[in-house]
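Each remark here refers to the structure printed beneath this line.
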Amino acid sequence: MHRVTFTQQEQQSSTKAFTAALVMKLQTTLAVLSLLLVGSWALLPPMPNITLPSCNSLEAQEGAQVALDFINNQHTHGYKYALNQIEDIKIYSMPDGKEVYKMELEFLETKCHVLDPTPSALCPVRPKHETAVEADCDVALSKAAGVLSVVAFKCKTETETPDHSCVGCFDLIAFNDTDAAQLIQGSLDDFNRNNNLSAVFALLEVGRLSSQVVKGVLKIRAEYAIIETNCTGIDDGACVPLSHTVARHGFCRSESLISPVDCKIFHPLIQLVDPNVNASVAAAPPPVLLHAHTAGPGYSPAIHTLKHHKLTPLHDPTASGLVSAESAESREATVVLDVPTAPIVKRDVAPVVVGAQPADAPVAGAVPLIRCPGRVIHF
């Protein structure tokens with residue numbers, strides 16, 4: 001009887017010792033893990049700060065202008081675009097001193113062809129009743145040493161739907177429309193016979209085709225780009241377009257074979273003079289138009305089914321990852337910046353205090369300041 005009691009006490013003592021040893025090991029392990037965790041956090045790069053300036057701020061306007069100029073220079077078909085609205089902007093201040101701008105911008109098609117030297121700011125925006133074209137673009141820019149440059153962008157281009165049914169308005173038709181093709185050829189022949197430029201021009205690309213019904217009669221309007229050839233008269237035979245660097249280009253509008261065709265001619269690039277060496281140097285080449293209506297590297301039968309020229313859906317040559325490659329033609333896709341979550345600082349608007357009422361809180365009924373989107377420039 002006494003021996004049984006002694007064995008239980010012995011077992012209890014052994015259990016307590018084992019438990020104490022286990023607890024000590026756990027404490028030691030937790031201490032080591034804590035040190036490792038602190039060390040790993042120390043190795044992580046510092047997080048960037050995120051600022052949210054107003055979409056009407058000067059820095060937002062500067063970024064939008066740089067983005068617009070870059071995208072227009074990348075666009076080699078159709079028309080230049082103009083800024084309509086800055087929809088959002090975020091600025092990431094990186095530890096190395098650089099800044100990354102993430103912007104959501106809305107552009108509208110103008111009436112200036114991409115070969116037209118007129119600055120986009122002076123180009124008239126195509127109105128809604130002519131079936132305006134809108135481009136929603138996500139753009140990533142980098143700012144280093146005070147200079148902004150575009151890293152990547154993606155755009156979705158679509159026609160602007162009129163607010164109401166427009167009787168008598170022009171509707172877009174496909175680039176391969178037979179009646180429109182006859183109008184282009186006939187009006188271009190008329191221009192070549194009657195111009196005083198001592199040159200024959202060939203079709204470069206169709207810019208826009210549209211139709212209108214007036215008193216039950218179909219009316220077609222054609223806009224197209226032309227390029228100078230090696231012929232000086234319409235009877236010279238087979239004419240070959242000159243090189244883009246020396247050829248004169250033009251842009252024509254025609255509404256019927258009865259009305260005169262209206263063509264605006266753009267002169268070739270002039271030679272620039274370098275004052276340091278007092279010698280002529282070649283100017284930067286213009287955008288290379290890949291002719292959609294001939295054979296060659298730019299030929300694409302699919303373009304004939306289009307009704308308007310689209311901006312580049314995705315441009316990310318360095319695979320930066322700053323814009324999402326998924327659904328480049330999707331409005332819902334968002335710009336993704338591969339940086340960890342960081343503190344957000346708002347500028348140009350009053351700070352939002354959660355769970356407290358700031359001393360300078362606006363009075364009831366006051367109009368709150370809106371950071372974004374910015375003002376609408378056109379419509």
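The values are calculated or read from the model by the stated rules, or taken from the named source; none is laboratory data. All of these numbers come straight from a predicted model, not from anything done at the bench. Please note: Cβ atoms are built from the backbone with ideal geometry, for glycine as well, and neighbour counts cover all protein chains shown. Please note that ligands, DNA and RNA were not included when accessible areas were found on the heavy atoms of the full protein model with its side chains. Shrake-Rupley method; radii C 1.70, N 1.55, O 1.52, S 1.80 Å.
Quick look at the values:
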| read-out | value |
| --- | --- |
| Residue within the range 103-112 that is over 27 Å from residue 316 (Cβ atoms) and assigned to a loop (DSSP other than H, G, I, E, B) present | no |
| Lone unmet requirement of (1) in contact with a helix residue (DSSP H, G or I) (Cβ under 8 Å, 6 or more places away or on another chain); (2) assigned to a loop (DSSP other than H, G, I, E, B) for residue 137 | (2) |
| Flag if residue 267 is under 27 Å from the mean Cα position of the chain (by Cα) and either surrounded by 19 or more Cβ atoms within 10 Å (Cβ to Cβ) or free of Cβ contacts under 8 Å to residues at least 60 places away in the same chain (or both) | no |
| Verdict on residue 74 being closer than 25 Å to residue 314 by Cβ, at pLDDT below 95 and open to solvent by 60 Å² or more (accessible area, probe 1.4 Å) | yes |
| Residue list for the range 252-263, restricted to those being open to solvent by 10 Å² or more (accessible area, probe 1.4 Å) and among the hydrophobic types (A, V, I, L, M, F, W, C) | 257, 258, 261, 263 |
| Residues (of a type in the set (D, E, K, R) and either closer than 26 Å to residue 262 by Cβ or loosely packed, with under 13 Cβ neighbours inside 10 Å (or both)) located in the range 153-178 | 160, 163, 171, 177 |
| Condition broken by residue 69, with the remaining ones in (1) modelled with pLDDT under 70; (2) of a type in the set (Asp, Glu); (3) closer than 30 Å to residue 224 by Cα satisfied | (1) |
| Enumerated strands (runs of 3 or more DSSP E) restricted to the range 220-335, each holding at least 1 residues that are modelled with pLDDT of 55 or more, in the same structural domain as residue 108 (by the TED database) and hydrophobic (A, V, I, L, M, F, W, C) | none |
| In the range 52-72, the residues that are among the hydrophobic types (A, V, I, L, M, F, W, C) and touching a helix residue (DSSP H, G or I) at 6+ places or on another chain (Cβ under 7 Å) | 68 |
| Members of the range 210-241 found to be β-branched (Val, Ile, Thr), over 28 Å from residue 171 (Cβ atoms) and surrounded by 12 or more Cβ atoms within 10 Å (Cβ to Cβ), listed by number | 227, 229, 232 |
| Matching option when the condition is of a type in the set (Val, Ile, Thr) and free of Cβ contacts under 8 Å to residues at least 40 places away in the same chain, among 76, 110 | 110 |
| Condition check for residue 143: crowded, with 18+ Cβ neighbours inside 10 Å and in contact with a Lys or Arg (Cβ under 7 Å, 6 or more places away or on another chain) | yes |
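Rundown of residues vs (1) within 18 Å of residue 154 (Cα to Cα); (2) in the same structural domain as residue 132 (by the TED database); (3) outside any loop (DSSP other than H, G, I, E, B); (4) free of Cβ contacts under 8 Å to residues at least 24 places away in the same chain, yes/no style:
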position	(1), (2), (3), (4)
55	no, yes, no, no
62	no, yes, yes, no
71	yes, yes, yes, no
80	yes, yes, yes, no
84	yes, yes, yes, no
92	no, yes, yes, no
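For every residue, the table says whether it meets (1) part of a loop (DSSP other than H, G, I, E, B); (2) assigned by the TED database to the domain that holds residue 90; (3) open to solvent by 20 Å² or more (accessible area, probe 1.4 Å); (4) not polar (S, T, N, Q).
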position: 151; (1), (2), (3), (4): no, yes, yes, yes
position: 180; (1), (2), (3), (4): no, no, no, yes
position: 197; (1), (2), (3), (4): yes, no, yes, yes
position: 208; (1), (2), (3), (4): no, no, no, yes
